[in-house]
Every structure is written in structure tokens, then in C-alpha cells.
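Note sheet for the following structure.
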Amino acid sequence: MRLGMVIDMRRCFGCRACVAACKTENMVQPGNYWNFVLEYEQGKYPNVRRIFVPMNCMHCQDPPCMKACPEKAISKNKQGVVLINYDKCKGRKYCIAACPYGVIHFIGNEKTFYPDGKKTPYEALPARARHPLHRKKPGIAEKCTFCWHRIEKALKEGKTPGSDYDSSPACIKVCPANARYFGDLDDPNSEVSRLIATKRAIQLKKEFGTKPQVYYIV
Ligand code: SF4
Ligand code: SF4
């Protein structure tokens, strides 16, 4: 199994429901984004159109972030998901410099996520009560995990990743335009494989040799 994502840019209209879902699901601190939407204009007045490009970690098959980390804190699991080990990360930021997609963020020293100084319910939880990928702390790097905490659970329950809301990353099924898809790239019958085969799916910055596992239909 090799997990991947397909984003249909022809359908995305920039509502950012995926951004909000990701932030909430993964308790991403203010100022950081595991998922964001780039926006630009194409054409010349009056024939212009706005293009939206949702961006999260590409879970590269050959990830430069992993090679760059001197602490060996970044690894790729059996399902092709690139993950940061928060216990090993020393916040040296080599990964941030090496990633061609700008999708890794550094967690600063904010003591709390709320400006009023009160703790969120998440912050109030002891670290051991959270999934290891939600045990973030100041001074380390963070990025999209393909919501591995959800996928891991789905696999244990014998479910197919991407088949329903609970077995998909949080950003997938919330999209009101059905612009986001998730599944097994190694399975030729999966929705993602069929979309890649039948539509004009591209990978971003292929020239870097990173072999991204996120595809865009343009
Ligand atoms: Fe690493 Fe960036 Fe590739 Fe994600 S997109 S695997 S952070 S190099
Ligand atoms: Fe965020 Fe999960 Fe979507 Fe990655 S897969 S962008 S972590 S919601």
C-alpha cells in the first residue's frame, strides 16, 4: 500500500473548509498551517480567472526533508506516509530549508494557543493521553501527517483508507466541491489511481526528483 491524495483544481473554489478541518483535527497552532491554499490569477482582464492550489505535505517517495534531518527524526512508514518523530526532532530546521514545497512549519514558544492565556482542552490533556503525532511541543517542526492517527485506526479496523469519513484524512470529506480524494496509489482500482489514470493529473515540482504522492488535476 502506498497512500496518496488527488486534488481536483478544476473543482476547488478556495473556500478553505479543508484548511479549517486540518487545523481543528490536528490542533495546529496559530500562524502555522499543515494545509493552506495558494491563490493567483490567470489571464488578462476581462478574461481572468482565479486559481486555487491547496497545499499540504506531498509525502514524497524520495523526501529531501528526511535526507536533510541530522537527527534522523523524519521517516517514511510502510504505507508511504512521511512522519516527524517529535521526540527526536531538535528543531534544527534543515527539513524546512530542504522541502521544495514550503509545507513544514516550526513551532514557536507560545505558551498557549489562546491569546487570553487560558488552555484549550487539548493543551490541558497530558501528552500521554494524545496520539504520538499530537504530542507537539515548542521548538520542533510540524507538518501534515495524512492524518495518520485516523488512517492507522482505519487499517486496524480492516477498513480501506479513504472509503468513508472516519477512514479518511480530515480535509477530504469536508470539501463541499468534492475536490479532494485519498487512497492507495498501488491499487489500480482505487479512486485515486483511476483519477490519475483518466484525468490530466500532475505532480508539483517533479523536476526535484521528490516523487510526490499528491497529484493535481488541472
Ligand atoms: Fe518532506 Fe516537503 Fe516532501 Fe513533505 S513535501 S515529504 S515535507 S520534502
Ligand atoms: Fe491536514 Fe490531515 Fe489533510 Fe494533511 S491529510 S492536510 S494533516 S487534514
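Here are some notes:
- Those chymotrypsin sites (Phe, Trp or Tyr not before Pro) in segment 148-198 that DSSP places in a loop and that have at most 10 other beta carbons within 10 Å: Tyr165
- For the chain, with +1 on Lys and Arg beta carbons and -1 on Asp and Glu, the positive-most of Ser193, Asn26, Pro63 along the dipole: Pro63
- Whole-number percent relative contact order across the chain, with pairs defined as alpha carbons under 8 Å at least 6 apart: 30
- To the nearest 10, the accessible area of Arg92 is 130 Å² with a 1.4 Å probe.
- Within straight-line cross-link reach of Lys173, lysines at Cα separation under 19 Å, skipping those fewer than 8 residues along the same chain: Lys23, Lys153, Lys159
- Overall Cα dimensions of segment 90-178, principal axis frame, Å, largest first: 38, 34, 28
- Dipole magnitude for the chain: computed about the Cα centre from +1 point charges on Lys and Arg Cβ and -1 point charges on Asp and Glu Cβ, it is near 340 debye.
- Among Ile202, Ile172, Ile84, residue whose mean-square fluctuation peaks in a GNM of the chain (springs only between Cα atoms under 10 Å): Ile202
- Computed over protein heavy atoms with a 1.4 Å probe, the accessible surface of the chain works out to 53 Å² per residue.
- The calculated P(r) of the chain, using every Cα pair and 10 Å bins from 0, goes 8, 32, 37, 18, 4, 0 in percent.
- Distance between segment 144-201 and segment 7-35 - C-alpha centres, whole angstrom: 16
- To put it simply, the accessible area of the chain at a 1.4 Å probe is 53 percent carbon and sulfur.
- GluC sites (Glu not before Pro) restricted to DSSP loop in segment 114-218 with at most 12 other C-beta within 10 Å: Glu157
- Positive-end extreme of charge dipole, the chain - chosen from Cys12, Asn35, Gly183 (charges on Cβ): Asn35
The values are calculated or read from the model by the stated rules, or taken from the named source; none is laboratory data. None of the values given here were measured: they were computed from a predicted structure. In this analysis, Cβ positions are derived from the backbone assuming ideal geometry, glycine residues included, and neighbour counts consider all displayed protein chains. For accessibility, only protein heavy atoms count, side chains too; no ligands or nucleic acids. Shrake-Rupley method; radii C 1.70, N 1.55, O 1.52, S 1.80 Å.
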